[in-house]
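Just below is one structure, and these are the notes that go with it.
The values are calculated or read from the model by the stated rules, or taken from the named source; none is laboratory data. Just so we're clear, the structure is a prediction, and the values are computed from it rather than from any experiment. Here the Cβ positions follow ideal geometry from the backbone for every residue, glycine too, while neighbour counts run over all protein chains shown. In case anyone asks, the SASA skips ligands and DNA or RNA and just uses the protein heavy atoms, side chains included. Shrake-Rupley method; radii C 1.70, N 1.55, O 1.52, S 1.80 Å.
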Amino acid sequence: MRLSQFFLPLLKENPSEAQIVSHRLMLRAGMIKQQAAGIYSWLPLGLRALDNVERIVAEELDEAGCVRVLMPTLQPTELWKESGRYDALGKEMLRFKDRAERELLYSPTNEEMIIDIFRSYVKSYKSLPLNLYQINWKFRDEVRPRFGVMRGREFLMKDGYSFHVDLDDAKREYFKMYDVYHKIFNRLGLTSIAVSADSGAIGGSLSHEFQVLAETGESQIYYDPRFDDVRSGKKKASGEEMRSWYAAADELHVTDKCPVPKDQLREARGIEVGHIFLLGRKYTDAMNIDVTGPAGALVRVEMATFGIGVSRLVGAIIEASHDDNGIIWPDAVAPFKVGLINLRVGDRKCDDACTLIYDTLCAKQVDTLYDDTDERPGGKFASMDLIGAPWQITVGPKGVERDVVEMKHRKTGEKQELSVESALAKILG
Ligand code: P5A
């Protein structure tokens, strides 16, 4: 993408409404624009990051055998009356009427609707287990939307729902997804701690929140010190091993009953990026969902549900990876992998070197932002640092005379003078 043709509305000043660094950087880097409290437009740079997160989540789920669907964001209220949650969600649920005075709601979550799909088609145990998911917008009329996309009212969620013939199989899937979630967050450049949590309005007998540590996180968590060794890379641990270590959300932590001695117990703030629930029969009992079992008789279906805050993750990644100059994207989610700076647009040699680099990277499908504007060098460097491409290549008149360009690694700040060929080789591997 040529910057001269892109839409990148950067802000020079720190926006006063942003209280945490990820919100501030997302506004300054022209990623999002607030339209109402907790409701945002995703501008081109932000959308690229959001799409990358969504793609990685979908890839991992598909590989784990989950099957993607897409449900509407608007739902009739009847299903919610059937499950008994119509009243339970109260003001958090946005309700309205269509022209025929039929009541609709904007989906805050989709247990009821996925069950409606399931019961229309699945009649036998032979179709189970089945794990269906979607990635779609939700609306929750949060009392206090804040921190930008972290606690929005409209937000993008991956919501998955699994169906099983017995509780053991639902548990097996629950713990399988527990491992898949760690893998997903790792691919996104994050280390997460799964803490036992309250299942709240979703319900069920067992639940874990996936927390990314950050001082600005809204959750208070308590955990075994061994998690810190895993986070720092000092120790490797399987999901099974980690599940045996103590980790609890605030509401489940009881100091007297905690197995970790007080002087070793870690206490931290976290951002909840995922939440999984073993639902059992909560919804299938309310909605009478059976399939024929192996012996021919009807058996009640058991369920689990799995959520990931896709839009919240974009904020969480920035919260975990930035410096004073701006965002430092992990490669996997970077909206652009390379930022190419032409220090003297109009100079034949600079233009030719940039065009060669840009065309080569584009041909190899490496997302590159080419700053071909006539902004001053200082401004170009600052903008590139702010938007955080993992690699920056700078082409200037002095360098091209000696056939070199400067290559900078955003994360380490390390700079190197290289020939165009070597710079390209470094990126293309
Ligand atoms: C699981 C999927 C559920 O809704 N039903 C379907 C279950 N779980 S949850 O914990 O309530 O939400 C799942 C994840 O969505 C993110 N999230 C939010 N992100 C941004 N703004 C919000 N207001 C918001 N509320 C929830 C979280 O990451 C949560 O773990």
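Dividing the alpha-carbon radius of gyration of the stretch 177-233 by 2.2 N^0.38 Å (N being the number of residues), what value is obtained?
Ratio of Rg to 2.2 N^0.38 Å for the stretch 177-233: 1.18.
Need one number: nm distance between label points at Glu101 and Ala363, each 7 Å from Cα along Cα→Cβ, rounded to one decimal.
6.8
Before anything else, pin down the relative contact order of the chain: Cα pairs under 8 Å, at least 6 apart, normalised by residue count, whole percent.
Relative contact order here is 16 percent.
So which lysines pass the test for Lys91, namely a Cα distance under 18 Å, with those fewer than 8 places away in the same chain ruled out?
Lys81, Lys138
So which trypsin sites (Lys or Arg not before Pro) in the stretch 216-245 are both in a DSSP loop and have at most 11 other Cβ atoms within 10 Å of their Cβ?
Listed in order of number, the matching sites are Lys234, Lys236.
Report in % the part of the accessible area of the chain that belongs to carbon and sulfur, leaving out ligands and nucleic acids; probe 1.4 Å.
Of all accessible area on the chain, carbon and sulfur atoms account for 48 percent.
Once every DSSP H run of n ≥ 4 in the chain is given -39500 (n - 2.57) and the sum is divided by its residues, what mean residue ellipticity at 222 nm do you get, rounded to the nearest 500 deg cm²/dmol?
That comes out to -9500 deg cm²/dmol.
What lysines does Lys176 reach when the alpha-carbon gap must be under 22 Å and sequence neighbours fewer than 8 apart in one chain are set aside?
Lys126, Lys158, Lys235, Lys236, Lys282
In whole angstrom, how far apart do the alpha carbon centroids of the stretch 1-79 and the stretch 158-227 sit?
That distance is 22 Å.
Using r as the Cβ-Cβ distance of Val69 and Ser205, and R0 as 35 Å, what FRET efficiency do you calculate, to the nearest 0.05?
0.85
Looking only at the stretch 276-429, where both bridge partners belong to it, what percent of the DSSP beta bridges are antiparallel (to the nearest 5)?
Once the DSSP bridges in the stretch 276-429 are tallied, antiparallel ones form about 65 percent.
How much accessible surface area, in Å² rounded to 10, belongs to the heavy atoms of Thr373 with a 1.4 Å probe?
Around 40 Å² of this residue is reachable by solvent.
Based on the mean of other beta carbon atoms within 10 Å per residue, what is the order of 400-411, 47-58, most packed first?
The packing order, highest mean first, is 47-58, 400-411.
Debye calculation, C-alpha points only, no solvent: report log10 I(q)/I(0) for the chain at q = 0.10 Å⁻¹, in the same order as the q values.
These q points yield log10 I(q)/I(0) values of -0.78.
Quick check: residue separation of Val299 and Ile117 times 0.36 nm, minus the Cα distance between them. What number comes out in nm?
Using 0.36 nm per residue and subtracting the Cα-Cα distance, I get 63.7 nm.
Take every Cα pair under 8 Å in the stretch 245-315 that's 6+ residues apart, average their separations, divide by the length, and report that relative contact order as a whole percent.
31
Given a Förster distance of 22 angstrom, what is the FRET efficiency for Asp352 paired with Leu10, based on the Cβ-Cβ distance and rounded to 0.05?
FRET efficiency, Asp352 to Leu10: 0.20.
Nearest-5 percent of antiparallel DSSP beta bridges in the chain?
For the chain, the DSSP antiparallel bridge percentage is about 85.
Treat the stretch 296-350 as a sphere of radius equal to its Kirkwood radius over Cα pairs and apply Stokes-Einstein at 4 °C in a medium of 1.567 mPa s; give the translational diffusion coefficient in µm²/s, rounded to a whole number.
Result for D is 80 µm²/s.
Heavy atoms only, probe 1.4 angstrom, no DNA, RNA or ligands counted: give me Leu369, Leu252 ranked by accessible area, highest first.
Final ranking, largest accessible area leading: Leu252, Leu369.
What full-extension length gain, to one decimal in nm, is calculated for Ala37 and Ala88 as 0.36 nm per residue of separation minus the Cα-Cα distance?
16.0 nm
Considering only protein heavy atoms, what per residue accessible area in square angstrom results for the chain with a 1.4 angstrom probe?
Each residue of the chain exposes 46 Å² on average to a 1.4 Å probe.
Which FRET efficiency, nearest 0.05, do Arg146 and Glu401 yield, Cβ-Cβ r, R0 41 Å?
That gives a FRET efficiency of 0.20.
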